[in-house]
Amino acid sequence: MFKNLQIYRLPAPWAMTADALASMLASQAFTPPSSNELLRQGWDAPRPGGGLVHTVNKQMLLLLRTEKKLLPATVVNQVTKARAAELEEAQGFAPGKKAMKELKERVADELLPRAFSIQSTTPVWIDPVNGWLVVDAASPAKADEVIKLLLKAVDRMPLESLRVKRSPVGVMTEWLQTDEAPAGFTVDQDATLRATGESKAQVAYKKHTLEPDDVRRHIAAGKQCTRLAMTWDSKISFVLDESLAIKSVKPLDVLLENDKGTIRNDDERFDGDFMLMTGELSKLLTELVEALGGEATMDAPGEQKAPASRATVKGDEPVREQRVAGAAGDVPAGDGSASDPLYEQAVAVVQTNRRASISLVQRHLRIGYNRAARLLEAMEGSVVGPMQSNGNREVINVAA
């Protein structure tokens, strides 16, 4: 079972075969890094000895493997300091700033072949029948890193982030305020409510009963729910957050009991678990989207028309949702470059939120994934830094 779901949409059905997808991924297949490489990523077989795309009942499973060398900065600094002391003794004066920088770089290059390596994997589930693509990643930045590599391999992949008609923050707050979850769901004992003002005050419940009167007092004081633990159909527990990501996914006993006694070997167990997961999660996603008002309508491929007004919670302030000028009507076309009509608005979104995330730009400008990614790339050097190994970008030109 995937632990975290970063959710994207494909056309349903998506006319892509497993063989065709595997051939596209082959150019990015994972190979072990050389001794002088700090990071290596690539697609690997989800099952040992299998292909790059594992298919069961038309459901596809991919696996991105990452190997990174661990070279602690403290070790590099210690060796550099010792080398600098030797140089000072030999030449009679301490090395200057430029010489120290070059020395540190040489030390890092020397130590890299002896650095420890750590591997991590990120699974990707593709449901071409119902049009789901799900990345098992805890953060949008990690998912963006995976999707970027996938888009490089699959030319013109028609991928979009999942969009719903109602704000998750507004809907979750309403569920708590009315003490009534949607049909098929129950509210559990974890929740986070955050103030919409400058204070950003928040209240977090951990394994604590959500007393309706207590929660309503917080809502009346201006707080809204940004994170809520729920259970679907008594089968799967999860946490829904404000970005529409589903985290801490856990199958419950009733689901696991139904699966016992039907598997005869490891291969069958792997396929059986994958079938069970995809079948149940597909239903969960469908019902959750319905509970959030359904999917937002699309004006054109890759673009979305923004709702006419923000969702509101009864007796409370409008749902906290930043807007940019021009985002409430038809979205103008653009190529994602610095001359794109939405470039300045994208810069404003990044600077205001102090975060350079593709999904963040998508949500605020109501545009497709590819265009949002190109807008961030166009900002590189002037507004944001280059993409780091963890998929994050540093905002280097923050508005005052």
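The values are calculated or read from the model by the stated rules, or taken from the named source; none is laboratory data. Note that the structure is predicted; figures quoted are calculated from it, not measured. FYI the Cβ positions are ideal-geometry reconstructions off the backbone, even for glycines, and counts take in every protein chain you see. Surface areas here come from the heavy atoms of the whole protein model, side chains and all, with no ligands, DNA or RNA. Shrake-Rupley method; radii C 1.70, N 1.55, O 1.52, S 1.80 Å.
Structural remarks
- Average Cα contact separation per residue, segment 95-244, under 8 Å, 6 or more apart, as relative contact order %: 18
- Computed over neighbours whose Cβ is under 15 Å from that of Trp43, the net charge equals 0, Lys and Arg +1, Asp and Glu -1.
- Choice from Lys142, Lys223, Lys235 showing the highest fluctuation, given a GNM over the chain with Cα pairs closer than 10 Å: Lys235
- Summary value for segment 181-248: 34 percent relative contact order, contacts being C-alpha pairs under 8 angstrom separated by 6+ residues.
- Ranking Ala296, Ala220, Phe185 by how far each Cα lies toward the positive end of the dipole of the chain (charges on Cβ) leaves Ala220 at the top.
- Average accessible surface area per residue within the chain, 1.4 Å rolling probe, Å²: 51
- Within segment 1-146, antiparallel bridges make up roughly 95 percent of the DSSP beta bridges whose residues both belong there.
- Normalised by the number of residues in the chain, the mean separation of alpha-carbon contacts (under 8 Å, six or more apart) gives a relative contact order of 16 percent.
- Per residue of the chain, the DSSP helices (runs of n ≥ 4 H) give a summed -39500 (n - 2.57) that works out to -11000 deg cm²/dmol at 222 nm.
- Here the chain exposes an accessible surface that is 51 percent carbon and sulfur, computed with a 1.4 Å probe and the other protein chains kept in place.
- The packing ranking, built from the mean of other Cβ atoms within 10 Å per residue, places the peptides 95-107, 52-64, 189-201, 359-371 in the order 359-371, 52-64, 189-201, 95-107, highest first.
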